[in-house]
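Below: the structure, in structure tokens.
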Amino acid sequence: MVVVMQEGATDEQIQKVIDRLVAMGFDVHRSTGATHTVLGAVGIRTDFDPRDVELLDGVREVVRITQPYKLASRHFRPEGTVVDLGRSVRIGGNEVIVAAGPCSVESSDQIHAIAERVSKSGAKILRGGAFKPRTSPYTFQGLGEKGLQLMRQAADKYGLFVVSEVMDPSQVSMMLNYVDVLQVGARNMQNYHLLRALGEIQKPVLLKRGMAATIEELLLSAEYILSGGNYNVVLCERGIRTFETYTRNTLDIAAIPVIKKLSHLPIFADPSNGTGRRDKVPPMARAAVAAGADGLLIEVHNDPEHALSDGAQSLYADQFAQLMAELRIIAPAVGRRIG
Ligand code: PEP
Ligand code: MN
């Protein structure tokens, strides 16, 4: 951290700041210029609050140099993390991995029909919610464990992996029987009990960005899982709340290259929740791959008009097939392949 003192700060004020920094555990290097004194505070502490220094008398500005997360930082693993699902499906390598399926698992027929179509088009992971975090308590809440069973059966039949949302620590051990990746939804990105529980297992976690979360907050949430010992974490940009109302959320495509630079963790994009509109999903999926996403999470339904949740943002199976064909052209332009 660098502390810039105000012009005319007194020696007494400067000494008080130095004493405070030393008490916080930093080594302090003082540089006195013609008008300003600058203090360089060096140390490995990540748990300090720069505002504690900012408020001291005579301080003009505090600039944080180190990131508040360590294990999620790119420095920790410069070569990048690859999350291996098995059967040659690796997230974070050269291949872009696509997870597709309905918003919610609704019935055996529905999930089988969708699994068949998305696997034919090249999806490697079947997505589908069994526990749904719905905005209204009166809407469909998901089939629970039964939904996971149906999804597992359909995925096994078509050679797919399964990703599904976990909402509560109490569901983790039951879900391990059915899923290959545990999804943490946007609404739970800061459910720290859940994050800690997921740090205690080794199953991959797809951690979605909260709808009002900064990139730093997302990486700090990932840090909770990593610090528990689970390094199989994949991040997911799914759109944030902005002043724009045309789309359901604003898909922050720029977050993809930003996160690639800041962190070694793979990053997915979810253009379905990111836009909320079926017609806007393919362009944003293409943009995400062009921007360097390691994978996509896409809602696809066999009968979107009658979907029990998020029909409007679910692609028809034919649209999904078309999108996959386009992605196979775009990925090589940025040195990738669709897995
Ligand atoms: C979902 O993927 O179905 C979902 C609920 O997403 P989010 O948590 O991003 O809203
Ligand atoms: Mn959904």
Solvent exposure of region 251-305 as accessible area per residue, Å², 1.4 Å probe: 27
Scoring region 245-319 by relative contact order with C-alpha pairs under 8 Å, at least six apart, yields a percentage of 31
Length-normalised contact order for the chain - Cα pairs under 8 Å, 6+ apart - percent: 17
Output ³J(HN,Hα) for region 221-231: one whole-Hz value per residue in order, computed from phi by the Karplus curve 6.51 cos²θ - 1.76 cosθ + 1.60 with θ = phi - 60°, and x for Gly and Pro. 5, 4, 4, 4, 6, 4, 5, x, x, 9, 9
Projected onto the charge dipole of the chain (unit charges on the beta-carbon of Lys, Arg, Asp and Glu, signs +1, +1, -1, -1), the Cα from Leu206, Ile329, Gly276 with the largest positive-side position is that of Ile329
Translational diffusion coefficient, Stokes-Einstein: compute it for region 277-339 using the Kirkwood radius over C-alpha pairs as Rh, at 37 °C and 0.692 mPa s, and state it as an integer in µm² s⁻¹. 271
Which distance in nm do the two modelled labels at Ser170 and Glu54 give, with both placed 7 Å along the Cα-to-Cβ direction? 4.0
Reduced Cα scattering model of region 85-171, Debye log10 I(q)/I(0), q = 0.12, 0.18, 0.26 Å⁻¹: -0.36, -0.76, -1.25
Relative to the present Cα-Cα distance, how much length would full extension add between Thr250 and Asp109 at 0.36 nm per residue of separation? 47.4 nm
Carbon plus sulfur, as percent of the 1.4 Å-probe accessible area of region 115-253, comes to 51
Vicinal HN-Hα couplings computed from phi for region 55-72 (Karplus, 6.51 cos²θ - 1.76 cosθ + 1.60; Hz; Gly/Pro x): 7, 6, 4, x, 8, 8, 7, 10, 10, 7, 9, 7, 7, x, 10, 10, 5, 7
What three numbers, in Å, describe the spread of the alpha carbons of the chain along their principal axes, ordered from the longest? 76, 43, 39
Would you please report the Å³ per residue occupied by the convex hull of the alpha carbon atoms in region 1-82? 91
Quick one: which of 148-159, 260-271 comes out on top by average Cβ neighbours within 10 Å, and what's the full order, highest first? 260-271, 148-159
As an exercise, find the ratio Rg/Rh for region 39-124 from alpha-carbon atoms, using the Kirkwood inverse-distance average for Rh. 1.30
Burial order of peptide ranges 324-336, 98-110 (average beta-carbon count within 10 Å, highest first): 98-110, 324-336
Relative contact order as a percentage, region 90-146, C-alpha pairs under 8 Å and 6+ apart, gives 35
Run the dipole for the chain about the Cα centre, Lys and Arg Cβ at +1, Asp and Glu Cβ at -1, nothing else charged, and hand back the magnitude in debye, nearest 20. 800
In degrees, nearest 10, the alpha-carbon axis of helix 281-290 is tilted away from the dominant principal axis of the alpha carbons of the chain by 50
Of the peptides 167-179, 206-218, 135-147, 302-314, how do they stack up when ordered by the mean number of other Cβ atoms within 10 Å, highest first? 206-218, 302-314, 167-179, 135-147
Cα extents of region 192-339 along the three principal axes, largest first, in whole Å? 42, 36, 31
Which value in Å is the Kirkwood Rh of region 13-164 over different Cα pairs? 20.4
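The values are calculated or read from the model by the stated rules, or taken from the named source; none is laboratory data. All of these numbers come straight from a predicted model, not from anything done at the bench. So basically every Cβ, Gly included, is an ideal-geometry build from the backbone, and we count neighbours across all protein chains shown. Ligands, DNA and RNA are excluded from the accessible area calculation, which covers all protein heavy atoms including side chains. Shrake-Rupley method; radii C 1.70, N 1.55, O 1.52, S 1.80 Å.
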